[in-house]
Every structure is written in structure tokens, then in C-alpha cells.
Amino acid sequence: MNTRDQHYMQMALELAAKAMGRTSPNPMVGAVVVKDGRVIGRGYHARAGTPHAEVHALREAGELAGGADLYVTLEPCCHHGRTGPCTEAIIKARVNRVVVAMTDPNPLVAGKGMQKLKDAGIQVACGVLEEDACRLNEVFIKYITTCLPYVVLKTAMSLDGKIATAQGESQWITGATAREYVHRLRDRYDAILVGVGTVLADDPSLTCRLPEGGGKDPVRVVLDSQARTPSTARVITQPSEAPTLIVTVPGATPERVRLLKEAGAQVLEVPSGEGGIDLASLLRELGQREISSVLVEGGARVNGTFITGNLVDKVYWFIAPKLIGGMAAPGPVGGPGIAVLKDALSIKDIKLDLYGEDICIEGYAVKRSD
């Protein structure tokens, strides 16, 4: 690996990130075509069903692509999906060398794309800024290898670990800057999930509201085993292109279910489980619907059920410099908890950021092997 390759791969990664939150269930991919030390083509994958990054970059390069180097953040595909194989376009363009950040984890590709390029006489190098590329597409890597959505748990608490007062007031623990960043997270992930308790207490809209506009509303998922969500709730009635999914269990009152459907909500029945709903079954169903990521913004009960179920992949934990106090004031994680510290959920690869006066701990859950 040399600094030249790193420079152009970094450029490709920055291009890929332009489509953050828009490519699901596909990965974010960027590509740069370089010849004689000059960038002659750039491209990134904008959304599923549209041309891939390599195609955009090669089109911009035109006939000059012959003998050039192509930098791409993910191994070029070699199969027919929503679009044709990128390997064919690369071979046709007579590219001299292809530099890849990471192997495609998709079993349909997984090294086959690079081998096809080598068989065509193209030089191939892999592993340039691989860690950065994997981090960029952490959602895609899990989804394409497990068919399950990537689960991100976001919560906000006071310095003394409270998410509300003893009387239930929770708006707002964090400041405006932190709340704006949460809306950017909503813009990034496919779905947002809460429990019916949050809907009944706060009547949230669960939309993406960015100061500059242009945000993408996530699919709204409400855990509501008994279909208690009012048909007039804002998660259902507000104008939005994203659907609202009310998740119930067998035995939910048919009349309530009917009213929710008539109001425009989609009702999904899944098996019952700990806490009322079998979350593992729900995640499998969301994966089948090509929902590749879920942002959990639940209360203590929902958070506790996801953590107990070993279902969390990543956390965004906001801490406000406030002291609320009160034995009855709830904390961010409910449920029975653990008996011994060795069973605590560990968070690794910690990153600390400051949003206004609020601290955000971003990190990855260490999954239990049991």
C-alpha cells in the first residue's frame, strides 16, 4: 500500500459517503478513475436500482479510461441484480489496474469479481483503507451476511442516569444541538423503533427534521402488542412518504387493529415473546422487507429487552450535564438486569463527541457468544 493509493481511495470513500442513508439495501460505494496523476472520472452509487459507482466514474472518464487506474471502495459486482455486472463495464473500458478497499461480503460476489478482472488481464490490489471501508458499510455487511437489520440503540440521559423525572417529564434532557444530530441519525437509518408507551406519553411524530430540509423519514415501527396506539396518533396521521408499522401479537383486539389499518397504518403480527413481542422474529420480518437498519429510540423497557436479547450492534449514548435525582425517576435500561458484572454488555471502539453541552458516547456492542 502506498500513499498515492491511499489518497485516491480516501477520495472514493468520501464520494461513497455522499449517499449516506440513501442506498439501502445496497452498500455505499465510491469510485475514482486516475490517469497520469490526474482524476478523470468520479462516481458514487446514489440509490438501489441506479448505476453503480464504477459505471458513473467510467462514463465520466470516457475513452480516457483505457490504461487508467480505477479506485473503488467495494469489490466490483460480477452478477446481475437490479443492474448489470460492473466487472463487464470495467473490462470493456480497458482499465489497466483496479484498486479495491474491501472484498464484497455478498456471497454472490465475495472474491469472484476481482478474480474475473484478473482473468481479463487487469491488475488488482485489495485492502487499501479496508478498515475505513468496512466501517462505512457496517450496516450492509451485517444485512447481506445475515438478512437481519443492523440495530442501533440511541438514548439520552442525565448525568445521574435518568431519562425522565419521577413524574415522567423527559422533554428535553439534551439540548438543541444533540437533538439535531439525532435527526441526522434518523436520516441515515432505514427505520426508527419505539414502544407504545412512548407513543402514548409523548405522541411523537418520529420523522426526520433537518434545519436545511431534505431529510428522509425512516419507516416508523411501534411495538404495540395489544394495538393500543390511537388511530389519531401523529405517527400515523402526519404527512410522510414513510409508512408506519404497528407490531402486534396474536390476540390483539380486532377492532383496534381495524381502526389502525383504516387510519393508514400497516399492522404486522409477530409471535409473542419476552416483554410482549418476540424481537428476533420482528427483526427477521424487517429484514425480509429489505429494512437493513433500525434506530431504537425506546424507553427503559424497550432498551432493556433489546439488550437482554443480545440484539444491539451499536449505541449512541447521550449524556446531558444535568442532575435529576429521585429514586422513582427511570433509568435508560429496564428489565431484570444482570446478577453479576461479568454479564454486563460491554461497548468497544468508543468515540466521544460533544454536541453543545451534551456528551455522546458512540460505540459497538460486544455480542455474547451464548
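Points to keep in mind about this one:
- Looking across the stretch 276-316 at every residue that is at positive phi and open to solvent by less than 40 Å² (accessible area, probe 1.4 Å), the one that is modelled with the lowest pLDDT is identified as 276.
- For residue 145: the one exception among (1) under 16 Å from residue 44 (Cα atoms); (2) in contact (Cβ under 8 Å) with a residue 40 or more places away in the chain; (3) surrounded by fewer than 18 Cβ atoms within 10 Å (Cβ to Cβ): (1)
- Of all residues in the stretch 334-353, none satisfies being in contact (Cβ under 8 Å) with a residue 60 or more places away in the chain and under 21 Å from residue 171 (Cβ atoms).
- Qualifying residue in the stretch 110-127 (condition: surrounded by fewer than 21 Cβ atoms within 10 Å (Cβ to Cβ), touching a residue at least 60 places away in the same chain (Cβ under 8 Å) and not polar (S, T, N, Q)): yes
- If only residues of the stretch 355-370 that are in contact (Cβ under 8 Å) with a residue 40 or more places away in the chain and aliphatic (A, V, I, L, M) are counted, the one that is surrounded by the fewest Cβ atoms within 10 Å (Cβ to Cβ) is 361.
- Residues that are of a type in the set (Asp, Glu) and buried (at least 17 other Cβ atoms within 10 Å of the Cβ) do occur in the stretch 169-187.
- Residue 352 vs. criteria closer than 25 Å to residue 135 by Cβ and open to solvent by less than 90 Å² (accessible area, probe 1.4 Å): no
- Scanning the stretch 325-370 for residues that are farther than 24 Å from residue 195 by Cα and of a type in the set (Lys, Arg), we see that the one that is modelled with the lowest pLDDT is 368.
- Residue count for the stretch 314-340, restricted to those that are of a type outside the set (Gly, Ala, Ser) and either more than 27 Å from residue 292 (Cα to Cα) or over 27 Å from the mean Cα position of the chain (by Cα) (or both): 10
- Checked against (1) at pLDDT below 90; (2) under 21 Å from residue 359 (Cα atoms), residue 214 passes all but a single condition, namely (2).
- Within the stretch 175-222, being touching a residue at least 40 places away in the same chain (Cβ under 8 Å), in a loop (DSSP other than H, G, I, E, B), over 16 Å from residue 149 (Cβ atoms) and out of contact with any helix residue (DSSP H, G or I) (no Cβ under 8 Å at 6 or more places or on another chain) holds for one residue alone: 175.
- Residue 329 vs. criteria aliphatic (A, V, I, L, M) and loosely packed, with under 12 Cβ neighbours inside 10 Å: no
The values are calculated or read from the model by the stated rules, or taken from the named source; none is laboratory data. In this text, all values refer to a predicted model and were calculated from it rather than measured experimentally. Positions of Cβ are backbone-derived with ideal geometry, glycine not excepted, and every protein chain shown enters the neighbour counts. Heads up: the accessible areas ignore ligands, DNA and RNA and are worked out on the full protein's heavy atoms, side chains in. Shrake-Rupley method; radii C 1.70, N 1.55, O 1.52, S 1.80 Å.
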